[in-house]
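*Asks:* This structure is in structure tokens; I'll ask about it shortly.
What follows is calculated from the coordinates using simple rules that are stated; it is not laboratory data. Everything numeric in this text was worked out from a predicted model, so none of it was measured. All Cβ positions, glycine included, derive from the backbone under ideal geometry; neighbour counts span all protein chains shown.
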Amino acid sequence: MNEETILEALKAIAFSDFTEYIWVEDGEVRVKDSRQLSPAQRAAIAGIKGSGKSVEIKLHDKQKALELLVKYLGLFETQPEDTGIRVELAGIPEEWAE
């Protein structure tokens, strides 16, 4: 597994959308045939449970995937703040300047 493969998997998870798998039609929930899912869509699936007419599709953690991508890309890095206090006064009496 190389860097590009890992990034593609993270992107698939981070930008997955449940409507790629299910939709509501005429008041009924429909599930997409798994044979029609792309490799990226399959990569985003953490698990599928089914019994009779009930199906549960669980996707991988999108927030975690986004955090990893942001970290990898170096986005939102902040510079440490200067916590020191700096005061500049004009016209300081000579005796205070020492």
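*Asks:* Straight-line reach from K71: which lysines have Cα under 27 Å away, leaving out those fewer than 8 places along the same chain?
*Replies:* Hits, sequence-local ones excluded: K11, K58, K62.
*Asks:* In region 1-19, whose amide N lies under 18 Å from the spot 7 Å out along Cα-to-Cβ of V70? List them in ranges.
*Replies:* The answer is 10-16, whose backbone nitrogens lie closer than 18 Å to the label point.
*Asks:* Could you please tell me the mean projected area of the C-alpha convex hull for region 3-73, averaged over all directions and given in square nanometres to one decimal?
*Replies:* 5.4 nm²
*Asks:* Moving on. What ranking do 55-64, 34-43, 11-20 get when scored by the average of other Cβ atoms within 10 Å per residue, highest first?
*Replies:* 11-20, 55-64, 34-43
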